[in-house]
Amino acid sequence: MNRQESIKAYEQAIKYIPGGVNSPVRTLKSVGESPLFIKKAEGVTLTDIDNNTFTDYCLSWGVFIQGHTHPKVQDAVYKSIANGTSYGIPSIQETVLARLVNKHVPSMEKVRFVNSGTEAVMSAIRLARGFTKRNIIIKFDGCYHGHADHLLVSAGSGVASLGGSSSAGVPDSFTRYTISLPFNDTESLRKLFSEKGYDIAAIIVEPVPANMGVVIPKDNFLKFLREITLQYRSLLIFDEVITGFRLSIGGAQKRFGITPDLTTLGKIVGGGFPAAAFGGREEIMNMLAPCGPVYQAGTLSGNPIAMTAGINAIEILEDSGFYQDLEEKSEAFLSALQAETLSKDIQINFIGSMFTLFFSDSEVQSFTDVKKCNTERFARFFRYMLAANIYISPSQFESNFISSAHSDLHLERFIDLTRKFSG
Ligand code: PMP
């Protein structure tokens, strides 16, 4: 495969941008590649600047559940741009999207829009602390909640790929109130709550972690989180930046029937634009400025183009049968893939349209299991798929995604290639 233009572009980028990228995993360093430079995306196809095409299973990290460039979203965005791109003054689009979020996501009585998942989580944490007047936050090892200082503790995603569990530049005092525990482990939580329960502001969790690769919550784990937080009057925050509008139209909370106090959304809710959201019970959300004492703001928050994209993206998901079709297609594909990989020391963890191939000979249920995976073998698989024009998420510690735009032919090819993988 000729990648000359991408290589030249990388040489230029690296002169002006640290590592040549604006988000670390994009370097493809951990999989022994140099970055792709993309000039076009359409449906499930990415085209790089050398005119190579790739079937995309990363989909801008889960944003495009309906595939890239869906005509409904594209048309609405083009029209919206003609009316200006930012006002810094309210527009009706903000309320329309807020109403859609409120309609579908059980916990989100009120919602505020921000520009990234990091911002959504950072604001939700501040709000939880302001509301409970407590400081301690519990997270889980391998879960990633963006790059706010106090959450870079045993974090997954790109931080895991880099082999670090935290970051330089974060004073110890900033993480003093963050405690990270093993996911799926009720005992360690019970113990911590019995010691410090009334100082705990909130538990934050990816209800289905995707940032250490997909790890499935054990039976009743989420229910236990709900019960123990209620018992100690701490808040439960579901970080649904990935699972929101992915695992059902109401996210993981609707799928599992557990309603948290606060929820964060990103990715799908912005329809491909930099928008994210946090929301929850009205009495909590009304603590936010200008109603209450918890400050939060944003120049581009609720941007009209991003809101328009989000509204149109969600309207597509409201079509009857959207999730049923996607889930049936995903289930058939992933069960077949699982059957193919049984004898290859590859574990397929999946739920709905999210999946990870773990290069391990034993089941993966926690960050400890994840860390035992053979990342070199994963890297070989990544390069093998790339050479066959398939782009999967470029890290062992991430999820892949299926969209409504993937055809049976695409999925069969994925299975066929995996069957033939001998690395
Ligand atoms: N929370 C979760 C669960 C995420 O997966 C991510 C990013 N992948 C974030 C928060 C941070 O979002 P962003 O990259 O938009 O800041």
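Residue by residue through the stretch 201-209, what is 3J(HN,Hα) from phi via Karplus (6.51 cos²θ - 1.76 cosθ + 1.60, θ = phi - 60°)? Round to whole Hz and write x for glycine and proline.
6, 6, 9, 10, 8, 7, x, 10, x
To the nearest 20 Debye, how big is the dipole of the stretch 278-423 about its Cα centre, given +1 on the beta carbon of each Lys and Arg and -1 on that of each Asp and Glu?
On the way: 11 positive and 19 negative charges, 159 e Å.
Charge dipole of the stretch 278-423: 760 debye, to the nearest 20.
With unit charges on the beta carbon (Lys/Arg positive, Asp/Glu negative), name the residue among 375, 62, 22 whose Cα is farthest towards the positive pole of the charge dipole of the chain.
Towards the positive end, the residue furthest out is 22.
I'd like the Karplus ³J(HN,Hα) series for the stretch 361-374: coefficients 6.51, -1.76, 1.60, θ = phi - 60°, whole numbers in Hz, and an x wherever there's a Gly or Pro.
8, 10, 4, 10, 10, 7, 5, 4, 4, 4, 5, 7, 5, 8
On alpha carbon coordinates alone, what is the Rg over Rh value for the stretch 71-318, Rh being the Kirkwood radius?
0.97
Kindly work out what percent of the DSSP beta bridges joining two residues of the chain are antiparallel, to the nearest 5.
Expressed as a percentage, antiparallel bridges in the chain total about 55.
Based on the Cα atoms of the stretch 300-422, what semi-axes does the equivalent ellipsoid have, where each is the square root of 5 times one gyration tensor eigenvalue, given in whole Å with the largest first?
With the √(5λ) rule applied to the stretch 300-422, the semi-axes are 29, 18, 15 Å.
Based on alpha-carbon centroids, what's the gap between the stretch 400-423 and the stretch 1-78 in Å, whole number please?
Each part reduced to its Cα centre gives a spacing of 19 Å.
Rg to Rh for the stretch 233-293: what is it, with Cα atoms only and Rh by Kirkwood?
Radius of gyration over Kirkwood radius for the stretch 233-293 works out to 1.01.
Placing one identical point scatterer on every Cα of the chain and ignoring solvent, what is log10 I(q)/I(0) from the Debye formula at q = 0.06, 0.07, 0.10, 0.12 Å⁻¹?
Once normalised to I(0) and log-transformed, intensities are -0.23, -0.32, -0.68, -1.00.
Among 170-180, 225-235, 290-300, how do they line up by average Cβ neighbours within 10 Å per residue, starting with the highest?
Final packing ranking: 225-235, 170-180, 290-300.
Given charges of +1 on the Cβ of Lys and Arg and -1 on the Cβ of Asp and Glu, with all other atoms neutral, how large is the dipole of the chain about its Cα centre, in debye to the nearest 20?
On the way: 41 positive and 43 negative charges, 165 e Å.
I would put it at about 800 debye.
Near the amide H of residue 281, under 5 Å away, which other amide H atoms are found, from residues 5 or more places off or on another chain, if H is placed in the peptide plane?
Result for residue 281 returns 109.
For the chain, what is the mean residue ellipticity at 222 nm derived from helices alone (per DSSP H run of n ≥ 4: -39500 (n - 2.57); sum divided by total residues; nearest 500 deg cm²/dmol)?
Numbers: 15 runs with 159 residues, N = 423.
Using -39500 (n - 2.57) per qualifying helix, the result is -11000 deg cm²/dmol.
Along the charge dipole of the chain, Cβ charges K/R +1 and D/E -1, which of 387, 135, 51 sits furthest on the positive end?
135
With an 8 Å Cα cut-off and a minimum separation of 6 or more residues, compute the relative contact order for the stretch 251-401 in percent.
13
Taking the Cα centre of the stretch 71-318 as the origin, how large is its charge dipole in debye, to the nearest 20, when only Lys and Arg (+1) and Asp and Glu (-1) carry charge on their Cβ atoms?
280
Step through the residues of the stretch 15-28 one at a time and calculate ³J(HN,Hα) from phi using the Karplus curve (6.51 cos²θ - 1.76 cosθ + 1.60, θ = phi - 60°), rounding each to whole Hz and writing x for Gly and Pro.
With coefficients 6.51, -1.76 and 1.60, one gets 6, 10, 10, x, x, x, 9, 9, 7, x, 4, 5, 5, 6 Hz.
Each reported figure results from applying straightforward, stated rules to the coordinates on display, with no laboratory input. All of these numbers come straight from a predicted model, not from anything done at the bench. A quick note on method: Cβ atoms are made from the backbone with ideal geometry, for glycine too, and the neighbour counts reach across all protein chains shown.
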